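The structure under discussion appears below in the form of structure tokens.
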Amino acid sequence: MAKLKLTDAAIRAAKPRARPYKLSDGRGLHLLITPTGSRLWRMQYRFGGKQKLIAFGSYAGAGSEGLSLEQARAKVSEARALLKNGIDPATQKRLDKIAGKIAGANTFGIVADEYVAKIEAEGRAPVTLDKARWLIDLARPTLAERPIAEIKPAELLVILQKVAGRGQLETARRMRSLLSRIFRFAVATARAESDPAAPLVGAIAAPTVTHRAAILDPKEFGGLLRAIDGYDGQPATHAALKLMALLFPRPGELRQADWKELDLDKAIWVIPASRTKMRKEHRVPLPRQAAAILRQLHEFTGPKGLVFPSVRTPRRPISDGTLNAALRRLGYAKEEATAHGFRSSASTMLNELGFDPDVIEAALAHVDGDAVRRAYNRATYWDQRVELMQRWADHLDTLREGAKVIRRDFGGAA
């Protein structure tokens, strides 16, 4: 064994010089004395045929933090043990530092927040981010401070059962799915080794699927159109109900429409990708009737900003429940008609009228799974969709007037 040379007395007696110098102890360990008086532990060694240096910290003098002589020698022993096993001590030190940093940011709350920041950077819609934050908040009281790698399936099951016990089966189902994505993110970022939410698939009773109510009978739909004509509420809500019937968009796409998306002269509404369910820009041909409604509404809410602003503040659109509340005011129960139901009404009746199903799907902004076919459809169906939307608007005029509905085959025209 190499003879150890340093003593605490020798270290304390060492004075700074004009240039840095070393006090050697053996086995590669030395104390570097700097001109400023700092005393720094260093170890020289060879690894992979190269001379290398690793720093252990400062000497623990009187009243200062650092490593004592014996602690520095213990560090050398640890480093030599690593070298004996073919491990570079400097590399291991960097890995340990990274692991320590990760360990300091490994709670469920921190990882969940990072996951939300990640999907926000990926361009997820604000409504998706809000739902994710809301579901995470349901788990925070129990999980926020827990190291994410230590969370077990049983802990998650208790949380999910509590939510399901309130009758919120769909919320519990979505919560399990989100938790699973968060844990997979933790695995990908080296803070967990598995996803404890994965085994819980099927552990919560599946919710009963309730389809959004829609009026599918043409004559009854004509009655709804007449009722909408008689609506005496806010002009923006009145116009939105009419446009839901004419254009059958998703309610959120219509509610958040901005005047800059509309070109009334060219009769087109361009819904940006950020607001569509499929994250693809959707262009909607405007029939004459829709353009007329929008021109009239422009006098109330234009020339810029939201097309359907809230009564409380023009900076926010009408709420998610405004259209459904208007339908209730018209006498339609939630089991009879909903804002989203206008899409089902249009889809059903357009198919019954004989329009090309592919054109109908394109009008509804349903994305084809085949990317090539989707691109082809977008290029070839525009003129057919323009024709479909105008025919549909004209058909609604007929239904509104209460005329006898005669089924015609529009397949060739559409």
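No lab work stands behind these numbers, since they all come straight from the coordinates. These numbers come from a predicted model, not from an experiment. Backbone-built Cβ (ideal geometry, glycine too); neighbour counts: all protein chains shown.
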Open item on the list: With angles folded into 0 to 90 degrees, how steeply does helix 288-301 sit against the dominant principal axis of the chain? Use alpha carbons for both and round to 10.
Closed with: 60
- [ ] Can you pull the one-decimal nm distance between simple spin-label points at Lys219 and Arg166, each 7 Å off the Cα toward Cβ?
- [x] 4.6
Task: Acute angle (nearest 10 degrees) that the helix 126-143 long axis makes with the longest principal axis of the chain, alpha-carbon atoms - done: 50
Open item on the list: Under 5 Å between amide hydrogens, which residues at least 5 positions from Ala192 or on another chain qualify, with H placed 1.01 Å from N in the peptide plane?
Closed with: Val187
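Summing -39500 (n - 2.57) over the DSSP H runs of n ≥ 4 in the chain and dividing by its residue number, what mean residue ellipticity at 222 nm do you reach, to the nearest 500 deg cm²/dmol? If you can, show how the numbers build up before the last one.
Numbers: 16 runs with 202 residues, N = 414.
Helix-only estimate at 222 nm: -15500 deg cm²/dmol.
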TODO: Could you check which residue among Arg255, Arg12, Arg312 shows the biggest mean-square fluctuation in a GNM of the chain with a 10 Å Cα cutoff?
DONE: Arg12
TODO: Using θ = phi - 60° and the Karplus relation 6.51 cos²θ - 1.76 cosθ + 1.60, list the HN-Hα couplings for segment 226-236 in order, rounded to whole Hz, with x at every Gly or Pro.
DONE: 5, 5, 5, 4, x, 5, 10, x, 4, x, 5
Task: C-alpha long axis of helix 108-121 to longest principal axis of the chain, angle in ° - done: 60
- [ ] Determine the distance separating the Cα centre of segment 25-70 from the Cα centre of segment 292-326; give it in Å without decimals.
- [x] 71
TODO: Between Thr142 and Ile119, with labels modelled 7 Å along Cα→Cβ, what's the label distance in nm to one decimal, could you check?
DONE: 2.0
TODO: Name the long-range amide H neighbours of Asp258: under 5 Å, sequence gap of 5 or more, or other chain; modelled H, no Pro or chain starts.
DONE: Val307
TODO: Assign unit charges at the C-beta atoms only (+1 for Lys and Arg, -1 for Asp and Glu), then state the dipole size of segment 8-101 relative to its Cα centre in Debye, rounded to the nearest 20.
DONE: 380
Task: Backbone HN-Hα couplings from phi across segment 68-73 [Karplus 6.51/-1.76/1.60, Hz, Gly and Pro as x] - done: 6, 4, 5, 5, 5, 5
Task: Signed unit charges on C-beta, dipole axis of the chain, positive-most listed residue Ile271, Leu6, Phe56 - done: Leu6
Open item on the list: Connecting C-alpha atoms closer than 10 Å in a GNM of the chain, tell me which of Lys50, Lys266, Lys93 has the biggest fluctuation.
Closed with: Lys50
Task: segment 216-221 - phi-based ³J(HN,Hα) in whole Hz, Karplus 6.51/-1.76/1.60, Gly and Pro as x - done: 9, 7, x, 5, 5, 5
